[in-house]
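Remarks on the structure that follows.
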There are 2 protein chains.
Amino acid sequence: MTVNMTSRDMMTTLGRAAREAAGLLALAPAEQKNQALLAMAAKVRRSAADILAENARDLEAAKAKELKGSFLDRLTLTGARLEAMAKGLEEIAALPDPVGQVMAKWTRPNGLEISRVRVPIGVIGIIYESRPNVTADAGGLCLKSGNAAILRGGSDGFHTSAAIVACLQRGLDAAGLPRTAIQMVPTADRECVGLMLEGLGGTIDLIVPRGGKSLVARVQQDARVPVFSHLEGICHVYVDKAADTEMAKAIVLNAKMRRTGVCGAAETILLDRAGAERNLKPIIATLIDAGCEVRGDGACQAADPRVKPATEEDWSTEYLDAIVAMKLVDGVGEAMCHIAAYGSQHTDSIVTEDRATAERFLRELDSAIVLHNASTQFADGGEFGFGAEIGIATGKLHARGPVGVEQLTTFKYQVRGTGQTRP
Amino acid sequence: MTVNMTSRDMMTTLGRAAREAAGLLALAPAEQKNQALLAMAAKVRRSAADILAENARDLEAAKAKELKGSFLDRLTLTGARLEAMAKGLEEIAALPDPVGQVMAKWTRPNGLEISRVRVPIGVIGIIYESRPNVTADAGGLCLKSGNAAILRGGSDGFHTSAAIVACLQRGLDAAGLPRTAIQMVPTADRECVGLMLEGLGGTIDLIVPRGGKSLVARVQQDARVPVFSHLEGICHVYVDKAADTEMAKAIVLNAKMRRTGVCGAAETILLDRAGAERNLKPIIATLIDAGCEVRGDGACQAADPRVKPATEEDWSTEYLDAIVAMKLVDGVGEAMCHIAAYGSQHTDSIVTEDRATAERFLRELDSAIVLHNASTQFADGGEFGFGAEIGIATGKLHARGPVGVEQLTTFKYQVRGTGQTRP
């Protein structure tokens, strides 16, 4: 990779400043961080006109580039969306501070007192698409957890993000915290992303990508530092033969259709062949009547002429749309085999009144979140009681499932002695 | 990298078998895993003659290559060392099983019951030097924590490792667990290490390197999967002005000289200038009288003519030998600055009777283990009460400090509902 020296120098400076800020943030009391978050929220409200003007500038350029509607929608800010952003910062302020929490404490026979204490991770790089709300969310969550943030949003939202970061930095100022606690990469130069993925000379401890599959895949592929991410959410609902049909209809409908664009939306419905006679037609009808396209195996097609044929590809497709794949399986064993083969270890649910079958599914399935008799759309930090989240992780290490402020910390051991030496 | 197809195919097969075994191990009850561990220990004892014969074969080849004495010592097995290996496996059997432990459990206002439950990580690759004991330790720890292990030891210990792995696999057999739960790379071909670092096509979840700095550095540099490791242990003892001189002497001596070759051995002693008149000469004398070479700054040299001059390089050197670097600093603030600049975030200790100064050190220093009035040589899984450990981690994520069976697990969320859908 060739990077002009200006970008590299600039990013190195950014990284060093973040590392220095992280040292101060790690020791900042909860009140000071909360004061900053509240000041940020107030500043976002006061600067609404400025932010919207910058957003209009980004939108105009995006329209000129003929970017598609869903992209423009995500980029668009309104008064209501800005208010939600400000409220989000206030909600982060109201969360308990994870830093300094004693996770465990024990005394050894020799009198050594060992504590495992939560500490911030350090410097977190967030790489995201042109979604202005991520700027405030990610900045706020990193601050609360005592981490310095380096934000690199999509270039089409550059001016909007810059206006929001200015508010966040004013909030830091107001609380006497360094502005460098939340920095934005000050150029849309794509090579800066590569430099972040390399870790900025050891200054970035963790990368969190927020965005579509191609963004996350690139980050996972190229990052030389740890990454919290999920590539995709191919979530399943398995309707067991012992399912309550009404409950199954409600859960399947909600899991697929409440919001189709979220990672916790169900993409495949598996039905126990033994309960198909009772469950198959009502579930298909519920989905199709709600405007969902159903792509099914032979049995599904036979059950309802409106079902389209599913191909092998459908089982591993994250539609993020009003489309669902459906097939019959021979019991919970085959359901779990299918999920292991085609799923993404994100979130999967079983609907059944049979407790033993449910417990087997909860125990044996290797997904970050496994549910019994509940919608997959509960895969969300807020719904888990974590407050705001920076995303969902499907990796095996450190953070799995919703990543809230607690998951943005690590720990260290404090050992208190009275002169012990080791024999 | 060019790898002949035979190696690549063989490693892919190994990885797939490990992944399959991991699925079974994750569900194996504690009793079955313990039965396997005890059978392994028994088999190691029964096979002592065979293992020692294979070890003699390795030693002969190593001597013919004129490898150095410390290398040969680590490679050498004796009856006593084999007995320690068998005992180690029995001790692992006696540890509590981390898998299935409920780490936290709470109920949401909507009635959803959320549990965070420990589960194995999956497949762990261990890359180590020619130290036969690591074969049994790593295999046993991975099994206990429900993970499949792929072992790749140093080529000079190949036959010894193979003989030990045969015993481990017999133990798995005896307990009805798949032999593929603990596999050894069946060739000394170095390219296999590269394939492991790439993750064997997504089948390896974690790499643990065990060995010297060059091995760990290569793994950290090239691994495309997460790594638990410490590159080096540049551990410090800071003797504050308010230290008890006798305690400081005892702790410094123990931290440096108890065993000089372990990663928790102190490499630099920092003395508070304000207490130097009282502490400097006795501490230098204690070390030198015990046979330790002291390399010091001007003040240390002035205090004792036997002190050799320290150079800039000494502050960042892990001697792993009876040599120590020593300098005066202006209080705990400068001590922490020095440690942040030259340390390795492994283990650092303060000696002081001043509680406030101690608490500041424990709170502010960003090392995996920070101690007050205790020797750095307590940096050890056994000393922490974790039982056996697979190593010490200085990374920020997932595992920090001693890595025992609990640190070789991850978690998932089990959510139990009664038909909840998300509004």
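Where a number appears in this text, it was derived from the coordinates with a stated rule and is not lab data. In this text the structure is predicted, and so the values were computed from the model without any measurement. Neighbour counts are summed over all protein chains in view; Cβ atoms, including those assigned to glycine, are modelled from backbone coordinates with ideal geometry.
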Original post:
Helix B:132-144 versus the longest principal axis of chain B: what is the Cα-based angle in degrees, 0 to 90, to the nearest 10?
Top reply: 60
Subject >> Alpha-carbon Rg/Rh ratio, for the range B:302-369, with Rh computed the Kirkwood way >> reply: 0.98
Subject >> Cα-only Debye scattering, the range B:235-383: base-10 log of I(q)/I(0) at q = 0.13 Å⁻¹ >> reply: -0.47
Original post:
When each copy gets a label point 7 Å from Cα toward the beta-carbon at B:LYS87, what are the spacings between them in nm, shortest first?
Top reply: 6.4
Original post:
So what does log10 I(q)/I(0) come out to for the range B:178-240 at q = 0.21 Å⁻¹, using the Debye formula with one equal point on every Cα and no solvent?
Top reply: -0.92
Original post:
Just the Cα atoms of chain B, one point each, no solvent: what log10 I(q)/I(0) does Debye give at q = 0.06, 0.09, 0.11, 0.12 Å⁻¹?
Top reply: -0.30, -0.64, -0.90, -1.01
**OP:** Starting from the Cα gyration tensor of the range A:67-108, take the square roots of the eigenvalues, sort them a ≥ b ≥ c, and report rounded, prolate or oblate (rounded when a/c is under 1.5, otherwise prolate if a/b is larger than b/c, else oblate).
**Re:** oblate
Original post:
Between A:ARG210 and residues 5 or more places away or on another chain, which pairs have amide H atoms under 5 Å apart, with H built 1.01 Å from N, and which residues are they?
Top reply: A:ILE127, A:TYR128, A:GLU129
Original post:
Put the label 7 Å from Cα along Cα→Cβ for A:ALA64; what are its distances to the other copies, in nanometres, shortest first?
Top reply: 7.6
**OP:** State, as an integer percentage, the relative contact order of the range B:192-296 based on alpha-carbon contacts under 8 Å between residues 6 or more apart.
**Re:** 22
Original post:
Can you give the angle from 0 to 90° between the axis of helix A:158-174 and the longest principal axis of chain A, with both taken from C-alpha atoms, to the nearest 10?
Top reply: 50
**OP:** Would you kindly work out, in nm and rounded to one decimal, the distances from the label point of A:SER155 to those of the same position in each other copy, ordered shortest first, with label points 7 Å along Cα-to-Cβ?
**Re:** 4.7
**OP:** In whole Hz, with x marking every Gly and Pro, tabulate ³J(HN,Hα) for the range B:197-214 from phi via Karplus 6.51 cos²θ - 1.76 cosθ + 1.60, θ = phi - 60°.
**Re:** 5, 6, x, 6, x, x, 8, 9, 8, 7, 10, 10, x, 10, x, x, 4, 5
**OP:** Considering the options B:ILE284, B:THR203, B:THR317, tell which one lies farthest towards the positive end of the dipole of chain B, charges being +1 on Lys and Arg and -1 on Asp and Glu at the Cβ, about the Cα centre.
**Re:** B:THR203
Original post:
Among the aspartates and glutamates, which fall within straight-line cross-link reach of A:LYS68, defined as a Cα-Cα distance under 19 Å, with same-chain neighbours fewer than 8 residues apart omitted?
Top reply: A:ASP58, A:GLU60, A:GLU129, A:ASP156, A:ASP321
Original post:
Calculated from DSSP H runs of 4 or more alone, at -39500 (n - 2.57) each and per residue, what is the 222 nm mean residue ellipticity of the protein assembly as shown, nearest 500?
Top reply: -13500 deg cm²/dmol
Subject >> Ranking of A:VAL262, A:VAL185 by count of other Cβ atoms within 10 Å, fewest first >> reply: A:VAL262, A:VAL185
Original post:
Roughly how tilted is helix B:48-64, in degrees to the nearest 10 and between 0 and 90, from the longest Cα axis of chain B?
Top reply: 60
Original post:
Under 5 Å between amide H atoms, partner at least 5 residues away or on a different chain: which partners does A:ILE182 have, H built in plane at 1.01 Å?
Top reply: A:ALA149
Original post:
Taking the Cβ-Cβ separation of A:ALA188 and A:GLU90 as r and a Förster radius of 45 Å, what is the calculated FRET efficiency to the nearest 0.05?
Top reply: 0.90
Subject >> Beta bridges by DSSP in the protein assembly as shown, antiparallel share as percent, to the nearest 5 >> reply: 25
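Would you kindly give the portion of the calculated P(r) for the range B:305-423 that falls above 21 Å, as a percent of all Cα pairs?
54
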Original post:
Since chains A and B are linked by a rotation, which residue in A has the beta carbon closest to its axis, and how far is it in Å?
Top reply: A:HIS398, 2
Original post:
Quick one: Cα centre-to-centre distance for the range B:293-358 and the range A:301-340, in angstrom?
Top reply: 64
Subject >> Shielding by partners - mean other protein chain Cβ count within 10 Å, residues of B:366-377 >> reply: 6
Original post:
In whole Å and largest first, what semi-axes does the C-alpha gyration tensor of the range A:110-229 yield when each eigenvalue is scaled by 5 and square-rooted?
Top reply: 26, 20, 12
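Percentage of Cα-Cα pair distances in the range A:12-165 greater than 21 Å, rounded to whole percent?
Roughly 52 percent, rounded to a whole number.
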Subject >> Among A:CYS337, A:CYS142, A:CYS292, residue whose mean-square fluctuation peaks in a GNM of chain A (springs only between Cα atoms under 10 Å) >> reply: A:CYS337
Original post:
GluC sites (Glu not before Pro) within the range A:261-368: which are DSSP loop residues with at most 16 other Cβ atoms inside 10 Å?
Top reply: A:GLU353
**OP:** Kindly write out, for the range A:13-25 in residue order, the coupling ³J(HN,Hα) from the Karplus curve 6.51 cos²θ - 1.76 cosθ + 1.60 (θ = phi - 60°), rounded to whole Hz, with x marking Gly and Pro.
**Re:** 4, 4, x, 5, 5, 5, 4, 5, 4, 4, x, 6, 4
**OP:** Considering only B:SER316, B:SER349, B:SER375, give the residue with the highest GNM mean-square fluctuation for chain B, with springs between Cα atoms whenever their separation is below 10 Å.
**Re:** B:SER316
Original post:
Each residue of the range B:241-255 in turn: what ³J(HN,Hα) in whole Hz from Karplus with 6.51, -1.76, 1.60 and θ = phi - 60°, glycine and Pro shown as x?
Top reply: 4, 8, 6, 6, 4, 4, 5, 4, 4, 5, 5, 4, 4, 5, 4
Subject >> Largest-first ellipsoid semi-axes for the range A:203-276, taking √(5λ) over the Cα gyration tensor eigenvalues, angstrom >> reply: 36, 12, 9
**OP:** Taking the Cα centre of chain B as origin, work out the dipole magnitude from +1 charges on Lys and Arg Cβ and -1 charges on Asp and Glu Cβ, in debye rounded to 20.
**Re:** 1360
Original post:
To the nearest µm²/s, what D does Stokes-Einstein give for the range A:296-338 at 37 °C and 0.692 mPa s, using the Kirkwood radius over alpha carbon pairs as Rh?
Top reply: 291
Original post:
Any idea how far apart A:ARG273 and A:LYS105 come out in nm if each label point goes 7 Å out from Cα toward Cβ?
Top reply: 5.8
**OP:** Mind jotting down the three principal axis lengths of the range A:357-423 based on Cα atoms? Whole angstrom, largest first.
**Re:** 55, 30, 19
Subject >> Rh (Kirkwood; distinct C-alpha pairs) - the protein assembly as shown, Å >> reply: 28.9
**OP:** Can you put A:THR317, A:THR180 in order of Cβ neighbours within 10 angstrom, beginning with the fewest?
**Re:** A:THR317, A:THR180
Subject >> Cα→Cβ-extended label distance, 7 Å offset, between A:GLU20 and B:ARG179, nm >> reply: 6.1
Original post:
Which residues in the range A:403-423 have a backbone N closer than 17 Å to a point placed 7 Å from the Cα of B:GLU246 along the Cα-to-Cβ line?
Top reply: A:418-421
Subject >> Of every Cα-Cα pair in the range A:248-330, the percent that sits beyond 20 Å >> reply: 23
Subject >> Rounded FRET efficiency, nearest 0.05, which uses the C-beta distance separating A:LEU67 from A:VAL262 and R0 of 25 Å >> reply: 0.70
Subject >> Distant-in-sequence amide H partners of A:TYR238 (H built 1.01 Å from N, under 5 Å) >> reply: A:LEU270, A:SER349, A:ILE350, A:VAL351
Original post:
Looking only at A:LYS105, A:LYS87, A:LYS308, which one moves most when chain A is put into a Gaussian network model with springs between Cα atoms under 10 Å?
Top reply: A:LYS105
Subject >> Between the range B:151-172 and the range B:186-206, the Cα center-to-center distance that results, in Å >> reply: 17
Original post:
Hey, which of these cross-link pairs are over 27 Å Cα-Cα: A:LYS105/B:LYS43; B:LYS43/B:LYS412; A:LYS396/B:LYS33; A:LYS281/A:LYS396; A:LYS256/A:LYS281?
Top reply: A:LYS105/B:LYS43; B:LYS43/B:LYS412; A:LYS281/A:LYS396
